[in-house]
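Single-structure report; data block below.
The values are calculated or read from the model by the stated rules, or taken from the named source; none is laboratory data. Since the structure is predicted, the reported quantities are computational estimates derived from the model, not experimental observations. Cβ placement follows ideal geometry from the backbone for every residue including glycine, while neighbour counts extend to all protein chains displayed. The protein model used for the area step is the full one, side chains on, heavy atoms only, and it has no ligands, DNA or RNA in it. Shrake-Rupley method; radii C 1.70, N 1.55, O 1.52, S 1.80 Å.
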Amino acid sequence: MSVWTSLVGQRPVIETLQTAVAGQGMSHAWLFTGPPGSGRSNTAVAFAAALQCEHGGLGPACPADCHDCRTALAGSHADVALIRTEKLTIGVKEVRDLVRRASLTPMGKRWQILIVEDADRLTEQACNALLKAIEEPTPRTVWMLCAPTVEDVLPTIRSRCRLVSLSTPTAADVAGFLQSLGCEAGRASYAARASQGHIGRAKALAFDDAVRDRRQDVVGLPARLTSLGACLAAAARLAEVAKAEADEITAVLDAKEKTDLDTAYGVVERGRRPREYAPALRDLETAQKTRAKRRQLDVVDRGLIDLVSVYRDAIALATGAPGELVNEDIRADVERIAQSSSAELNLRRIGWIFEAREQMLEFNVPVALALESMMVALRVPDPH
């Protein structure tokens, strides 16, 4: 066992990082890129643990259970800071806090490590603040940035980082990982295919029946888009399910944050609210609304990727592509879609899905409107 155990299908990356831990090719700034679910931030955290460990995070000298490994992996190491956001962007304030921390001498013997989980969400001001820190690093500071692609990071920043590119794990690798966690072989195989290499999604599909049922509902939509009414109903259903799931995720955290705020300002003990409480509550509610919107968009986005997988399977059947379908369990539906439309049309349908995705994520188009337009397009061919 080692700090690298949880990284699935990333052997070349692990070897590169182990070499750096050993002192060859070490850099003060790293950029981890890879498709969603490939484990960018998990890889950065594992690398941080190995750098802090006197044994490089490897068994048997260190079975990933020394104090440095354990606390780094758990997110409680004094010299490892991880910034992640529930908002749509990471602002300059958060980055300036990290930059101040980067200037401090590590409390331990080794490194001060700062991990930015969603570097693609940095605002322009945040990028400028980060750039200066990376350009003039302190001797024992290491920056680790995570983003889907190198193009998602400012050129002046990425040019100063050593690039580590993760790949999408194979279905076999993911299934093997799920079985090692105790998942039954058949369900592990299904979750590995359906997740399309996304490790977190695969675990959810393998061990949570509700997640699996929601996905089955989504991938069943294309076969039911037979009328305008069906299209509008499908859009409403997807939007409602996404909102309900997002609300379920955020409700507990929202309540805890409200309780913590009341405690901090002594609202319960004193039976009254001090003057400073109202603006603090307003800021909290604004942040919570932003987080809820981000969560809903994340859930919708996941549903759109599942829709894409259905049309991808239809194209694979039409063209005789080898290999299993992503949605092997609904092969009959996929065959009907393939028989009733051309591969070219299904490719255009995938394009329409990504257009809707861009409208919601980049241009702030209301979710319901974007989904209605998309669902109608999936039924009605583009006149051009």
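Residues whose amide H falls under 5 Å from that of A29, counting only those 5 or more places apart or on a different chain, are W143, R162, with hydrogens built in the peptide plane. For the chain, the mean residue ellipticity at 222 nm estimated from helices alone is -19000 deg cm²/dmol, where every DSSP H run of n ≥ 4 contributes -39500 (n - 2.57) and the total is divided by all residues, rounded to the nearest 500. Summing Cβ point charges (Lys, Arg +1; Asp, Glu -1) relative to the Cα centre of the chain gives a dipole of roughly 720 debye.
Among the helices of the chain, those built from whole DSSP H runs whose Cα atoms reach 30 Å or more along their own axis and whose mean Kyte-Doolittle hydropathy is at least 0.0 are 228-264.
Within the shell defined by Cβ-Cβ distances under 14 Å, the residues around L178 carry a net charge of +2, with Lys and Arg each +1 and Asp and Glu each -1.
Solvent-accessible surface of the chain, averaged per residue with a 1.4 angstrom probe and all protein chains in place: 50 square angstrom. Considering only A81, F32, A44, and ranking their Cα positions along the charge dipole of region 1-87 that arises from unit charges at the beta-carbon of Lys, Arg, Asp and Glu, the one farthest toward the positive end is F32. Applying the criteria of a DSSP loop state and at most 15 other Cβ atoms within 10 Å to the GluC sites (Glu not before Pro) of region 308-384 yields E324. Each part gets one Cα centre, and for region 126-201 versus region 50-125 those centres are 15 Å apart. Element breakdown for the chain at a 1.4 angstrom probe: carbon and sulfur atoms account for 53% of the accessible area.
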